[in-house]
Amino acid sequence: MDNAIWKLNNSEHAIYTEDPEVMRKIRRSRPDFIEMATYEKDGVIYARQYRIDSKRKRSARHLLGVNVQKT
């Protein structure tokens, strides 16, 4: 599964995940992760992108198991 975190601006980060288990955990337990986009193939969602506060970066890193990408 492909997961990523990157910085949008000084106060927000974006996360991308293709892992259904991670998407389920976000939907169930993290209402402050705001969905920005869904990625579909043949009408089936295979990935989602979320916007999070920079304060929640550590939580997102733990959930996705990746570090913030440098641009």
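Values in this text are rule-based calculations from the coordinates and carry no lab data. These figures come from a predicted structure and were not determined experimentally. FYI the Cβ positions are ideal-geometry reconstructions off the backbone, even for glycines, and counts take in every protein chain you see.
Here are the numbers for the structure shown:
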quantity	calculated
Share of pairwise Cα separations in the chain, more than 18 Å, in percent	30
Degrees separating the helix 20-29 axis from the principal Cα axis of the chain, which is the longest one	60
Asn10/Tyr46 FRET efficiency (R0 22 Å; Cβ-Cβ; nearest 0.05)	0.10
Mean Cβ count within 10 Å, highest first, over the residues of peptides 46-55, 31-40	46-55, 31-40
Average Cα contact separation per residue, the chain, under 8 Å, 6 or more apart, as relative contact order %	40
Distant-in-sequence amide H partners of Tyr46 (H built 1.01 Å from N, under 5 Å)	Tyr39, Glu40, Lys41
Lys pairs under 16 Å by Cα in the chain, provided they are eight or more residues apart or on distinct chains	5
